[in-house]
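So the structure is just underneath, and the comments pick up after that.
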Amino acid sequence: MTPGPLLLFAFGALAAGIAVGVRMSRTWLALTVAGAVAGLSAAMMVLLGAPDWEWRSAFSLGGEFVHLRLDGLSALFLVLLCAVGGAGAVYAREYWSEHHYPDSAPRGRAWWSAMLLSMGLVLTVSNGLHFLIAWELFALCGYFLITLDGQRREVRSAGWLYLVASHAGTVILFAFFSTLAARTGGWDLGPMREQAGLSPLFWLALAGFGVKAGFFPLHIWLPSAHANAPSHVSAIMSGVAIKMGIYGIVRFSGWLPVPPAAGWVVMGLGATSALLGIAFAFAQNDFKRLLAYCSVENIGVILIGVGGALLAVSQGDAPWGRLALAGALLHVWNHGAFKSLLFFGAGSVLHATGTREMSRLGGLWRTMPWTAGLFVLGSLAVSGLPPLNGFVSEWLVYLGLFGAATSKGSAAWAAMPAAIMLAMAGALAMASFAKAGAMIFLGAPRTQVAAHAHECGMGMRGPMLALAGVCLTIGLAPSLLWPVVARAVGSWRPAWVAVEAPAPLVTLGAVHMGLVILVLMAAAWLGRKAHANSLRRGLTWDCGYATPAARMQYTSGSFGGIVAGWFGWILQPERKMRRPRGYFPAEAIRLERVPETVLERIIGPVSVVIMQVSTSVRRLQHGRLQFYILYVVAGLIALGVLVMLGGGQ
């Protein structure tokens, strides 16, 4: 059996889901899960050794014949899409149910299927015109999903910002594909590395796809969109949608020639995104915005690996480039798994408490033990700690960077700073999620909504458990996934095809397994010891206070103030303070807000200037015919002067 029939069934099931989603929720769920399983099966067939699949139609669409292709690279991204898309559909049935959201839940189901279908087409279409159509449909579906709760002003603002940024990226991609078609004589896509004249087009692809990927400083739409969207939508936007931008960068850097500076620029953008993204994350009080900025950091980790691969190609296919690219592609999967898990966990907290502010939470581990445990597991994975999947992919990227740093070439000057910045980002990631976990789940409840929180049901818990299992499986058996990742690497660079897993990867899996066994044994011993000693629970030492209160605990701002001092030059926090006065002060206030610096300090002021200039120019349109004739005469005189000056020369 070939992947073709499975893909046809998957696309058909998702198209049927669009039709029935508004009215029949159970049928929609069955169709969506069946389509996800079929697409996943087709992708795994290719990744496990089946030949690349191609199909060309006998009919035209928009004047171009339909050309579909599924190779190792597109299959790797399709696996992620189907896994998160299916899990999100199951999660949404309880989280965004028709009982709680009778108006938006039905249309949300239809837009969910449409988004999965459009992203599937982006991954399989091999024609520039049809790629742009699928890309635009994907952007529109994202907008309607983000604004499901459109009654709130901040949701509408986030949706419009996402839509404007998406269309700005689409305009750049239209320039990329149309120029490519003009130079090659057609819209059909495929390997073109031998045409050296196409290399400048890489910069258009990097900018256009970079807007969707959300690397710094093109991330301006990402924090508000991911924070204000429903949590299952945030999961697919962060876990999958921004990876479409990564897919575009990786795909066309493999198919087209690239400029000599491409590796340096991509690695620099990646290192900057990793460090500044997690610095912004640490400073947040909204836990969904924290997760959103963490996505900027992880996109940076992926770009560091991609940049290392491009540098290795420019230096004669250096072997360390294969490790860097393998780490980047594996991190696409890993980030999709643990970030979707974290957003699902955030949705569980939001579903139970109704707030995203960490300073209004606390003590939830008592009433939400499943959510707390799964969130902690996701936090360990996103922090890159063993024995989970995040450590495996980042370790492969580090191996590539260390290989480049020890080589006696110019790549060492890019790899060494990137490795240092990646290590700093990893340390800040651990601090960020230590803060998030402590503020949300530990301590005492800071408000009544936190004190009366409740655990989510199996409809939400099941997808979280499945994603947690993925994080554990990849961490404990990384060598089993090497053939899959190697197939994707070989699709990008055929000279890098390698079947056998690197020896350190096999060793890492054994070390991780031993570490898990030791941790389980230690936990069992401590449990038995505590039970034998009749351990009693009591209050934490209260420093002598007779009546400790929840408001005496550390706040989110207390933690964030550390990083605000280190990165104040880019965070630029806004503070409002009213100090206590007198012996019995009535009130004291200290508020702190971290703005989106690029959007509010750069793009916003520039937009105001542009609007002022546009308003001034509009005064020339006042409806008086004699002035319009004067404009024409003045233009003709200026044109005549230019012609005369040119003729004189």
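Express the carbon and sulfur contribution to the solvent-accessible surface of the chain as a percent, rounded to the nearest whole number, probe 1.4 angstrom.
Ligands and nucleic acids excluded, carbon and sulfur reach 68 percent.
With viscosity set to 1.002 mPa s at 20 °C, what whole-number translational diffusion coefficient in µm²/s follows for the chain from Stokes-Einstein and a Kirkwood radius over Cα pairs?
The Stokes-Einstein estimate is 81 µm²/s.
Order of 74-82, 25-33 by packing, highest average Cβ count within 10 Å first? Don't skip to the end; give the middle numbers.
Values: 74-82: 25.8, 25-33: 18.3.
For the peptides 74-82, 25-33, the packing ranking is 74-82, 25-33.
What is the sum of charges, Lys and Arg at +1 and Asp and Glu at -1, for the other residues whose Cβ falls under 12 Å from the Cβ of His100?
-3
Taking the simple approach of a point 7 Å from Cα along Cα-to-Cβ for both Met1 and Glu455, what is their distance in nm?
Reported label-point gap for Met1 and Glu455 is 3.8 nm.
Can you tell me the accessible area per residue over the chain, all protein chains present, probe 1.4 angstrom, in square angstrom?
Roughly 44 Å² per residue, with all protein chains present.
Which log10 I(q)/I(0) values, to two decimals, does segment 519-593 give at q = 0.13, 0.18, 0.22, 0.24 Å⁻¹ under the Debye formula with one point per Cα?
Scattering profile of segment 519-593, log10 relative to I(0): -0.75, -0.93, -1.09, -1.14.
Thinking of segment 290-338 as a set of Cα atoms, what percent of all their pairs are more than 17 Å apart?
36
Return the subset of Lys212/Lys576; Lys243/Lys576; Lys243/Lys435; Lys212/Lys288 for which the Cα-Cα distance in this structure is over 29 Å, preserving the input order.
Lys212/Lys576; Lys243/Lys576
Would you kindly state the longest site-free stretch of the chain, with sites defined as GluC sites (Glu not before Pro) in a DSSP loop (not H, G, I, E, B) surrounded by at most 16 other Cβ atoms within 10 Å?
Between exposed loop sites, the widest span is 195-454.
State the extension gain, in nm to one decimal, for the chain segment bounded by Leu625 and Asn533, taking 0.36 nm per residue of separation less the distance between their alpha-carbons.
Roughly 23.4 nm would be gained on extension.
Please work out whether segment 597-649 counts as rounded, prolate or oblate from its C-alpha gyration tensor, where a ≥ b ≥ c are the square roots of the eigenvalues and a/c under 1.5 means rounded, while otherwise a/b larger than b/c means prolate and anything else oblate?
Because a/c hits 1.5 or more and a/b fails to exceed b/c, segment 597-649 counts as oblate.
Net charge near Ile570: determine it from the other residues with C-beta under 13 Å of the C-beta of Ile570, scoring Lys and Arg +1 and Asp and Glu -1. Could the numbers behind the result be given before it?
Numbers: positive: Arg601; negative: Glu596, Glu600.
With Lys, Arg at +1 and Asp, Glu at -1, the net is -1.
Once you have the Cα-Cα distance between Val171 and Ala510, take 0.36 nm times their residue separation minus that, and quote the gain in nm to one decimal.
That works out to 117.2 nm of additional length.
Count the net charge of all other residues whose Cβ sits under 12 Å from the Cβ of Ile304, scoring Lys and Arg as +1 and Asp and Glu as -1.
-2
Quick one: check the C-alpha center-to-center distance for segment 107-133 versus segment 269-340, whole angstrom.
25
Could you work out the Rg to Rh ratio of segment 439-598, with Rh taken as the Kirkwood radius (inverse of the mean 1/r over all Cα pairs)? Could you put the intermediate results ahead of the total?
Details: Rg = 25.2 Å, Rh = 22.6 Å.
Over the Cα atoms of segment 439-598, Rg/Rh equals 1.12.
May I ask you to derive the FRET efficiency for Met430 and Ser60 from their Cβ-Cβ distance with R0 = 60 Å, giving the value to the nearest 0.05?
Plugging the Cβ-Cβ distance into 1/(1 + (r/R0)^6) gives 0.65.
Using r as the Cβ-Cβ distance of Arg551 and Trp370, and R0 as 25 Å, what FRET efficiency do you calculate, to the nearest 0.05?
Working from the Cβ atoms, E equals 0.35.
Only sites in a loop by DSSP and with at most 11 other Cβ atoms within 10 Å count here; which chymotrypsin sites (Phe, Trp or Tyr not before Pro) in segment 159-213 make the cut?
none
Helix-derived [θ] at 222 nm for the chain: sum -39500 (n - 2.57) over DSSP H runs of at least 4, divide by residue count, nearest 500?
Roughly -23000 deg cm²/dmol at 222 nm, from the helical runs in the chain.
Evaluate E = 1/(1 + (r/R0)^6) for Met611 and Ile562, where r is the Cβ-Cβ distance and R0 equals 35 Å; express this FRET efficiency to the nearest 0.05.
So, using R0 = 35 Å, E works out to roughly 0.35.
On a C-alpha basis, how far is the centre of segment 9-60 from the centre of segment 588-649 in Å? Whole number, if you could?
For segment 9-60 versus segment 588-649, the Cα centre distance is 49 Å.
Taking the simple approach of a point 7 Å from Cα along Cα-to-Cβ for both Ala498 and Ala588, what is their distance in nm?
Between Ala498 and Ala588, the simple spin-label model gives 5.9 nm.
Once you sort the root eigenvalues of the Cα gyration tensor of segment 71-140 as a ≥ b ≥ c, which label holds: rounded (a/c under 1.5), prolate (a/b larger than b/c) or oblate (the other case)?
Oblate.
Under the Karplus relation 6.51 cos²θ - 1.76 cosθ + 1.60, θ = phi - 60°, what is the ordered set of whole-Hz ³J(HN,Hα) values for segment 105-116, x standing for Gly and Pro?
Per residue, the Karplus-derived 3J(HN,Hα) values read 4, x, 6, x, 5, 5, 5, 5, 4, 5, 5, 4 Hz.
Mark the label point 7 Å from the Cα of Arg107 along Cα→Cβ and return the residues of segment 124-157 whose backbone N is within less than 16 Å of it.
In segment 124-157, the label zone of Arg107 (backbone N under 16 Å from the point 7 Å along Cα→Cβ) covers 140-153, 155-157.
From the protein chains alone at 1.4 Å, what is the descending order of accessible area for His531, His454, largest first?
His531, His454
Could you derive backbone 3J(HN,Hα) for segment 377-384 from the dihedral phi with the Karplus parameters 6.51, -1.76 and 1.60 (θ = phi - 60°), listing whole Hz in sequence and x where the residue is Gly or Pro?
The phi angles translate into 4, x, 5, 5, 5, 5, 7, x Hz.
In units of 2.2 N^0.38 Å, what is the alpha-carbon radius of gyration of segment 509-636? Mind showing how you got there, number by number?
On the way: Rg = 32.0 Å, N = 128, 2.2 N^0.38 = 13.9 Å.
In units of the globular-protein estimate, segment 509-636 measures up at 2.30.
Going by a ≥ b ≥ c, the root eigenvalues of the Cα gyration tensor, does segment 17-121 fall in the rounded group (a/c under 1.5), the prolate group (a/b larger than b/c) or the oblate group?
The shape class here is oblate.
Could you work out how much longer the chain between Leu442 and Arg152 gets when fully extended? Use 0.36 nm per residue separation minus the Cα distance between them, nm to one decimal.
101.4 nm
For segment 119-197, state the semi-axes of the equivalent ellipsoid (square roots of 5 times the eigenvalues of the alpha-carbon gyration tensor), sorted largest first and rounded to whole angstrom.
32, 13, 8
Please go through segment 97-166 and write out the trypsin sites (Lys or Arg not before Pro) that DSSP classes as loop and that have at most 11 other C-beta atoms within 10 Å.
Taking segment 97-166 and a limit of 11 other Cβ atoms within 10 Å, the loop trypsin sites (Lys or Arg not before Pro) found are Arg152.
The values are calculated or read from the model by the stated rules, or taken from the named source; none is laboratory data. On a predicted model such as this, the values are computed, not experimentally measured, just so you know. Backbone-built Cβ (ideal geometry, glycine too); neighbour counts: all protein chains shown. Each accessible area value is taken on the protein alone, full model and side chains, heavy atoms only, with ligands, DNA and RNA left out. Shrake-Rupley method; radii C 1.70, N 1.55, O 1.52, S 1.80 Å.
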